[in-house]
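J.: One structure is given below, represented as structure tokens, and several questions about it will come after.
The values are calculated or read from the model by the stated rules, or taken from the named source; none is laboratory data. Here the structure is a predicted model, which means the values were calculated and not measured. Note: ideal-geometry Cβ built from the backbone for every residue, glycine included; neighbour counts use all protein chains shown.
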Amino acid sequence: MRDRLVFVFLLLAVACAAAQPVATEQVTVTGTKSREVIADFVQSFAASARMTGKLARWMKPVCPRVIGLPPNFMKFIAERIKTTAIAVGAPVDDSARCSPNIQIVFSTEPQALLDDIRRKSPDLLGYFDNQSQIDQVAIVSRPIQAWYMTQTVDLRGNVQVDSPHHGGGLEIYFSPKLPPLVIPHASAAAVTGSRLGDGLRSGFHHILIVANPDALKAYEMGPLGDYIALLALSQPEVQVSCRPLPSIANLFSRDCPGTADSLTANDLGYLKGLYRMSPDRVLRTQEDEVIYQMQQSLAGK
């Protein structure tokens with residue numbers, strides 16, 4: 001009889017313990033929704049476009065193409081990018097014959113691939129001013145790495161690819177009697193005089209993502225697809241430390257406490273904020289809008 005009473009008592013103790021809230025989980029939820037933590041995540045995560053200093057996003061429909069894997073895996077990654085884009089409000093081109101503007105290449109010799117791209121199509125590696133900059137840009141240093149080619153859209157809808165090689169040049173006349181001042185590769189844009197926004201918008205023109213399958217053997221295709229989708233829909237800063245909130249961006253940083261194996265609510269909240277913000281505002285205002293939208297998303301609104 002005594003043994004039965006002890007057994008019943010133990011069951012009741014376990015049930016009571018299970019009913020108690022876990023303090024660490026409560027702290028995590030509260031911290032995730034605080035504006036300070038979200039602001040730290042946004043400001044440390046987002047890279048700004050070189051020409052405008054603003055956050056870039058897709059303005060034209062995305063069309064991903066994957067090469068270097070078996071067909072079922074290539075289709076899986078392309079579809080993961082599209083479904084994520086639809087979920088966060090990014091435009092998607094569903095045509096089977098769309099011209100790819102997101103190219104994901106799996107190669108066991110990624111540096112040789114980059115060297116070839118540098119020789120033949122250096123603009124695909126992003127904006128650079130001189131030889132020293134392209135030397136740094138064209139180095140493969142991570143298992144999966146992205147290069148962003150951006151474009152600037154002015155107040156009248158004129159599109160200019162962000163590259164020192166794409167400007168046609170400007171002629172500035174100071175006097176009818178004097179020859180014009182010629183500025184090679186320069187361009188003009190229609191802007192506003194507002195301090196909140198000048199009317200210029202930054203968008204992605206092309207994104208190149210290179211992955212080394214030899215360095216990814218320990219990872220499942222699901223996490224890799226989500227990681228690539230994040231790179232394909234936003235431009236994260238080159239990661240030098242752990243993100244302040246759990247994120248798929250920490251996938252290759254196993255020592256980070258916020259490592260995740262899929263897109264987290266923080267990642268999706270950030271992407272939703274990015275595609276809802278005002279594209280023509282200054283960077284600070286854009287970040288504030290993303291922070292607000294991320295708060296709303298994490299609160300289930």
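J.: Mind counting the residues in the range 256-301 that are aromatic (Phe, Trp, Tyr), in contact with a Phe, Trp or Tyr (Cβ under 9 Å, 6 or more places away or on another chain) and over 18 Å from Tyr227 (Cβ atoms)?
T.: Let us first name the residues in the range 256-301 that are aromatic (Phe, Trp, Tyr), namely 270, 275, 292.
Imposing the further condition that a residue be in contact with a Phe, Trp or Tyr (Cβ under 9 Å, 6 or more places away or on another chain) reduces the set to 270, 275.
Right, trim to over 18 Å from Tyr227 (Cβ atoms) and you get 275.
Within the range 256-301, residues that are aromatic (Phe, Trp, Tyr), in contact with a Phe, Trp or Tyr (Cβ under 9 Å, 6 or more places away or on another chain) and over 18 Å from Tyr227 (Cβ atoms) number 1.
J.: What pairs come out if I take residues in the range 204-216 that are small (Gly, Ala, Ser) and pair them with residues that are modelled with pLDDT of 95 or more whose C-beta lies under 6 Å away, six or more apart or interchain?
T.: Short answer, once both residue conditions are applied: Ala211/Phe106; Ala211/Ile144; Ala215/Pro143.
J.: Looking at the range 91-105, which of its residues are surrounded by 14 or more Cβ atoms within 10 Å (Cβ to Cβ) and either part of a helix (DSSP H, G or I) or more than 19 Å from the chain's Cα centre (by Cα) (or both)?
T.: Across the range 91-105, the qualifying residue is only Cys98.
J.: Considering Val42, Val66, Val37, Val88, which residue is surrounded by fewer than 21 Cβ atoms within 10 Å (Cβ to Cβ) and of a type outside the set (Phe, Trp, Tyr)?
T.: Numbers: Val42 fails: surrounded by fewer than 21 Cβ atoms within 10 Å (Cβ to Cβ); Val66 fails: surrounded by fewer than 21 Cβ atoms within 10 Å (Cβ to Cβ); Val88 fails: surrounded by fewer than 21 Cβ atoms within 10 Å (Cβ to Cβ).
One residue alone meets the criteria, Val37.
J.: Quick check: is even one residue across the range 220-232 out of contact with any Pro (no Cβ under 8 Å at 6 or more places or on another chain), in contact (Cβ under 8 Å) with a residue 40 or more places away in the chain, of a type outside the set (Ser, Thr, Tyr) and part of a loop (DSSP other than H, G, I, E, B)?
T.: Here is the first cut: in the range 220-232, the residues out of contact with any Pro (no Cβ under 8 Å at 6 or more places or on another chain) are 220-229, 231.
Then drop every residue that is not in contact (Cβ under 8 Å) with a residue 40 or more places away in the chain, which leaves 220-222, 224-229, 231.
Applying the additional criterion that residues be of a type outside the set (Ser, Thr, Tyr) yields 220-222, 224-226, 228-229, 231.
Then keep just the ones that are part of a loop (DSSP other than H, G, I, E, B); that gives 220.
The answer is yes, given that some residue of the range 220-232 is out of contact with any Pro (no Cβ under 8 Å at 6 or more places or on another chain), in contact (Cβ under 8 Å) with a residue 40 or more places away in the chain, of a type outside the set (Ser, Thr, Tyr) and part of a loop (DSSP other than H, G, I, E, B).
J.: Has the range 233-254 got any residue that is of a type in the set (Gly, Ala, Ser), more than 28 Å from Pro61 (Cα to Cα) and assigned to a loop (DSSP other than H, G, I, E, B)? Full working, then the answer.
T.: We begin by selecting, within the range 233-254, every residue of a type in the set (Gly, Ala, Ser); these are 234, 241, 247, 249, 253.
Keeping just the survivors that are more than 28 Å from Pro61 (Cα to Cα) gives 241, 253.
If we keep only those that are assigned to a loop (DSSP other than H, G, I, E, B) as well, we get 241, 253.
Within the range 233-254, one or more residues are of a type in the set (Gly, Ala, Ser), more than 28 Å from Pro61 (Cα to Cα) and assigned to a loop (DSSP other than H, G, I, E, B).
J.: Residues being touching a strand residue (DSSP E or B) at 6+ places or on another chain (Cβ under 9 Å) and either surrounded by fewer than 18 Cβ atoms within 10 Å (Cβ to Cβ) or more than 27 Å from Gly199 (Cβ to Cβ) (or both): count how many of those fall in the range 257-281.
T.: Number satisfying all stated conditions: 8.
J.: Filter the range 97-120 for residues that are under 22 Å from Met59 (Cβ atoms) and free of Cβ contacts under 8 Å to residues at least 24 places away in the same chain and give the result. Step through it out loud before you land on a result.
T.: First pass over the range 97-120, keeping only residues under 22 Å from Met59 (Cβ atoms): 97-104.
Within the range 97-120, just Arg97 meets the criteria.
J.: Looking only at the range 143-181, which residues are exposed (fewer than 15 other Cβ atoms within 10 Å of the Cβ), modelled with pLDDT of 85 or more and either outside any loop (DSSP other than H, G, I, E, B) or charged (D, E, K, R) (or both)?
T.: Of everything in the range 143-181, just one residue is exposed (fewer than 15 other Cβ atoms within 10 Å of the Cβ), modelled with pLDDT of 85 or more and either outside any loop (DSSP other than H, G, I, E, B) or charged (D, E, K, R) (or both), namely Val159.
Rundown of residues vs (1) at pLDDT 95 or above; (2) assigned to a loop (DSSP other than H, G, I, E, B); (3) touching a helix residue (DSSP H, G or I) at 6+ places or on another chain (Cβ under 8 Å), yes/no style:
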site	(1), (2), (3)
Glu36	no, no, no
Thr52	no, yes, no
Leu69	yes, yes, yes
Met74	yes, no, no
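J.: Right, another one. Test Arg243 against the stated conditions and say whether it is farther than 29 Å from Arg118 by Cβ and touching a residue at least 12 places away in the same chain (Cβ under 8 Å). Talk me through it step by step, then tell me what you get.
T.: Values: farther than 29 Å from Arg118 by Cβ: yes; touching a residue at least 12 places away in the same chain (Cβ under 8 Å): yes.
In short, yes.
J.: Condition (residue is closer than 23 Å to Gly53 by Cβ, assigned to a loop (DSSP other than H, G, I, E, B), at pLDDT below 95 and among the acidic types (Asp, Glu)) applied to the range 107-129: is it met by at least one residue?
T.: Filtering the range 107-129 for residues closer than 23 Å to Gly53 by Cβ gives 122-129.
Cutting the leftovers down to assigned to a loop (DSSP other than H, G, I, E, B) gives us 126-129.
Filter once more, keeping what is at pLDDT below 95: 126-129.
So of that shortlist, the ones also among the acidic types (Asp, Glu) come out as 129.
Within the range 107-129, one or more residues are closer than 23 Å to Gly53 by Cβ, assigned to a loop (DSSP other than H, G, I, E, B), at pLDDT below 95 and among the acidic types (Asp, Glu).
J.: Would you call Gly31 modelled with pLDDT of 85 or more, small (Gly, Ala, Ser), loosely packed, with under 15 Cβ neighbours inside 10 Å and touching a helix residue (DSSP H, G or I) at 6+ places or on another chain (Cβ under 8 Å)? Even if it seems obvious, please write down each step before you answer.
T.: Working: modelled with pLDDT of 85 or more: no; small (Gly, Ala, Ser): yes; loosely packed, with under 15 Cβ neighbours inside 10 Å: yes; touching a helix residue (DSSP H, G or I) at 6+ places or on another chain (Cβ under 8 Å): yes.
Judged against the criteria, Gly31 is not a match.
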